1. Report, largest value first, the span of the C-alpha coordinates of the chain along each principal axis, in whole Å.
2. Give the long-range amide H neighbours of V211: residues separated by 5 or more places, or on another chain, with amide H under 5 Å away, using H modelled in the peptide plane at 1.01 Å from N.
3. Over all alpha-carbon pairs of the range 162-210, lay out the pair-distance distribution in 10 Å bins, whole %, shortest bin first.
4. Taking the Cα centre of the chain as the origin, how large is its charge dipole in debye, to the nearest 20, when only Lys and Arg (+1) and Asp and Glu (-1) carry charge on their Cβ atoms?
5. Using the Karplus curve 6.51 cos²θ - 1.76 cosθ + 1.60 with θ = phi - 60°, what ³J(HN,Hα) values do you get for each residue of the range 130-135, in whole Hz, with x for Gly and Pro?
6. Relative contact order, percent, of the chain when contacts are C-alpha pairs under 8 Å separated by at least 6 residues?
7. Would you mind finding the longest exposed-site-free stretch of the chain, with exposed GluC sites (Glu not before Pro) meaning DSSP loop and at most 15 other Cβ atoms within 10 Å?
8. Report the gain in length on full extension from L4 to T81: 0.36 nm times residue separation, minus Cα-Cα distance, nm rounded to one decimal.
Amino acid sequence: MLLLDLPKPDTSRLARSPLELVVCQIRHERRLVVGEGVTALAVHDALGGAGGAYPAIDEVTGGELNVQVGLGAPNVRETKTSGWRFASEDGTWVITLMPDNFSLETSAYTTWDDDFFPRLGALIDAVATHVEPTFEQRIGLRYVDRIDQLGLTDLQAWRPYLRPEILGLVLHPELGPGVTAYQQYLVVELHDGVTAGLRHGPVVQPGRETVDYQLDYDISRQGGRPFNAAAIKAAAAQFNIYALQLFQATVSDELLEELR
C-alpha cells in the first residue's frame with residue numbers, strides 16, 4: 001500500500017552536492033563465521049582484494065552486554081564480537097563486515113547508478129556467497145546532507161531555501177528572530193513497512209560566522225524475511241529514490257538552482 005504520493009524525482013546530478021555521508025547497512029542473523037580470517041579473505045578477494053577498491057583490511061572488535069534478571073543479583077555478561085573493515089586507499093570508502101550486519105559507507109559519493117550501487121551490489125553478492133545469511137532483518141539507507149555552499153550568516157536567511165514546514169518556529173513573527181538553534185527528529189511512513197527517519201536542524205561551528213543546515217534521511221525496513229540478494233538490491237534502489245524524493249520535498253526550487 002503506497003502511503004505517500006511523492007512527485008517523480010529529478011535525478012540530474014547536482015554540481016555542488018551537499019552530500020556529506022552515505023551509508024547502507026544490512027542486518028541479518030548472527031553468523032560467527034564472519035570472525036574467521038578465511039571468510040574475511042574470501043569476501044575481500046571477491047571485492048578485488050589488495051588490488052581492488054578496498055586494499056586496506058583490518059580486524060575490528062565490538063562488545064555487547066547481556067543482562068539476565070532473576071533471583072538474586074542480575075547476571076551481567078559481556079560478549080565480544082569480531083569483524084572486519086575494508087577501506088579505500090584514501091579512506092573515503094569503507095566496508096564493515098560484522099557477524100550480524102554489513103555496510104558500505106562513503107564520504108565521496110558521486111552517483112548511485114555508476115558508483116554506489118555497483119559497489120553495494122558486489123558487497124551483497126560477496127556476503128551472500130561467503131557468509132551465507134539466512135534471514136534479512138533490516139535494510140537501512142542513510143543520506144546526510146550538510147548544506148554549506150550558500151555562506152548564510154543568519155538562520156532567518158534560510159527562508160528562501162527550505163520549505164516552510166521544515167523551518168517551523170523560525171517563521172514565527174514574534175519568536176522566529178530569537179531562534180538560534182534546534183534539532184528535530186520525525187518519522188515518515190513511506191510505504192507498507194518502509195519508514196524514513198528525518199533529523200534536521202542548523203549547524204553552527206565555533207569560530208565560524210556561517211550557519212549551515214543539515215538534513216539527515218534514514219530510509220529503512222525491518223522484519224525477518226529470507227535473505228535474497230536480488231530483493232535486497234531492489235529494495236536499496238527503491239530507498240535511493242525515496243531519499244531523493246524526500247530531499248526535493250524538503251528544500252525549495254531556489255536551493256536546487258543554487259546547487260546545480
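1. Sorted from largest, the Cα extents of the chain read 60, 55, 46 Å.
2. L152, T153, D154
3. 20, 41, 27, 10, 1
4. For this selection, approximately 540 debye.
5. 9, 9, 6, x, 9, 10
6. Numbers: 485 pairs, mean separation 64.9, N = 260.
Answer for the chain is 25 percent.
7. 90-173
8. My answer for the length gained is 23.7 nm.
No value in this document is a laboratory result; all are computed from the given coordinates. Predicted model, so just to flag it, every value in this text is computed and none were measured. Using ideal geometry, Cβ is built from the backbone for each residue, glycine included, and neighbour counts are taken over all protein chains shown.
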